[in-house]
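A short worksheet on the structure shown next.
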Amino acid sequence: MMPRLGWVVAVTVPFLTTAAIPAPGGPRVEEQFGNIIYDQADGTQRQITNLHMDGQPTLSPDGKTIAFIRIEGQATVKGEPDFTALWVADGPSGNINRLLGANTNNDPKLNLQSIHSPTFSLDGHFVYVLADAWATSAAVHQVNIESGNDRFVIDGNTNKVIRSGQYRGYLLVARHKHYPPPRMGSYDPVDVVRPDGHVEFTVPGTEIDHGVDRVAPWLRQHGWDAW
């Protein structure tokens, strides 16, 4: 039996959010035993999938579209991650659609064997996912929910979207970097990144070991939200 999706391991750093996605009393989405459940605003539930292979569900800003990850096959090489795909569903109707399938490629920027951690763009037209890429870093991809077209954005181990304030719609991306010589070692600063991959600036205070812990206070200081 294949493992539940929640057991898939990827390179990550702590969560970069100061707010929960669902609004009180609004639609919610959850995973139960590898299936996706849509909790409607009226309190009724709709089971979206039933294969016990699905997880990591996230809800679009309008509360209607669900993005989730499905295990579609076990890795053929020991130690490599399972093959996964990005699916979307319409919560009210229950209709589902395979948006981006697993695809191996020797170019880390194009390798989509294992994708995970979906999150919607501010307007709900795109889903950002992480794809296993380099030994120390994943790759952030942007997927169009209408066409399924995929675009590499930037290297990074987390991706969150800033939902309010001056940089709303931009990404927060933790990136693995090495200190310049003669200093040894590496660190994971968090960059504010435009959807086209351009780095605007590094979040102040994150240029040190465990600097990601400085992100939540920085967001609170400005009264901004990100998830």
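The values are calculated or read from the model by the stated rules, or taken from the named source; none is laboratory data. A quick note: this is a predicted structure, and the numbers were derived from the prediction, not measured. Virtual Cβ from ideal backbone geometry, glycine too; neighbours counted across all protein chains shown. The area values use the complete protein model at the heavy-atom level, side chains included, leaving out ligands, DNA and RNA. Shrake-Rupley method; radii C 1.70, N 1.55, O 1.52, S 1.80 Å.
Please specify each residue of region 136-157 satisfying the condition of being within 22 Å of residue 65 (Cα to Cα) and surrounded by 18 or more Cβ atoms within 10 Å (Cβ to Cβ).
Taking region 136-157 as the starting set, the residues that turn out to be within 22 Å of residue 65 (Cα to Cα) are 140-151.
Hits for region 136-157 are 140, 141, 142, 143, 145, 150.
Which count do you get for residues in region 77-134 that are under 20 Å from residue 171 (Cβ atoms), of a type in the set (Gly, Ala, Ser) and more than 13 Å from the chain's Cα centre (by Cα)?
Summing the residues that are under 20 Å from residue 171 (Cβ atoms), of a type in the set (Gly, Ala, Ser) and more than 13 Å from the chain's Cα centre (by Cα) in region 77-134 gives 2.
Can you name every residue in region 110-150 that is of a type outside the set (Val, Ile, Thr), over 27 Å from residue 187 (Cβ atoms) and either part of a strand (DSSP E or B) or without any contact (Cβ under 8 Å) to a residue 24 or more places away in the chain (or both)?
Scanning region 110-150 gives 112, 120, 125, 126, 144, 146, 147, 149, 150.
What pairs come out if I take residues in region 213-227 that are in contact (Cβ under 8 Å) with a residue 40 or more places away in the chain and closer than 21 Å to residue 121 by Cβ and pair them with residues that are open to solvent by 60 Å² or more (accessible area, probe 1.4 Å) and polar (S, T, N, Q) whose C-beta lies under 7 Å away, six or more apart or interchain?
Going by the 7 Å Cβ cut-off, there are no qualifying pairs.
Checking residue 177 against (1) basic (Lys, Arg); (2) closer than 30 Å to residue 62 by Cα; (3) modelled with pLDDT under 95: exactly one of these is not met. Which one?
Of everything listed in (1) basic (Lys, Arg); (2) closer than 30 Å to residue 62 by Cα; (3) modelled with pLDDT under 95, residue 177 misses just condition (2).
Just to be sure I understand, how many residues within region 1-49 are at pLDDT 95 or above, of a type in the set (A, V, I, L, M, F, W, C) and either closer than 29 Å to residue 192 by Cα or loosely packed, with under 15 Cβ neighbours inside 10 Å (or both)?
Going through region 1-49 one residue at a time, the tally reaches 2.
Does any residue of region 50-66 turn out to be among the small types (Gly, Ala, Ser), open to solvent by less than 40 Å² (accessible area, probe 1.4 Å), under 26 Å from residue 171 (Cβ atoms) and touching a helix residue (DSSP H, G or I) at 6+ places or on another chain (Cβ under 8 Å)? Quick ask: steps written out before the conclusion?
Residues of region 50-66 among the small types (Gly, Ala, Ser): 55, 60, 63.
Now drop any that are not open to solvent by less than 40 Å² (accessible area, probe 1.4 Å), which leaves 55, 60, 63.
Okay, now just the ones that are also under 26 Å from residue 171 (Cβ atoms), so 55, 60, 63.
Next, from what is left, pick out any that are touching a helix residue (DSSP H, G or I) at 6+ places or on another chain (Cβ under 8 Å): 55.
Taking every residue of region 50-66 in turn, at least one turns out to be among the small types (Gly, Ala, Ser), open to solvent by less than 40 Å² (accessible area, probe 1.4 Å), under 26 Å from residue 171 (Cβ atoms) and touching a helix residue (DSSP H, G or I) at 6+ places or on another chain (Cβ under 8 Å).
Which of (1) surrounded by 18 or more Cβ atoms within 10 Å (Cβ to Cβ); (2) charged (D, E, K, R); (3) assigned to a loop (DSSP other than H, G, I, E, B) does residue 160 not meet, given it meets every other one?
Evaluating residue 160 over (1) surrounded by 18 or more Cβ atoms within 10 Å (Cβ to Cβ); (2) charged (D, E, K, R); (3) assigned to a loop (DSSP other than H, G, I, E, B) leaves (3) as the failure.
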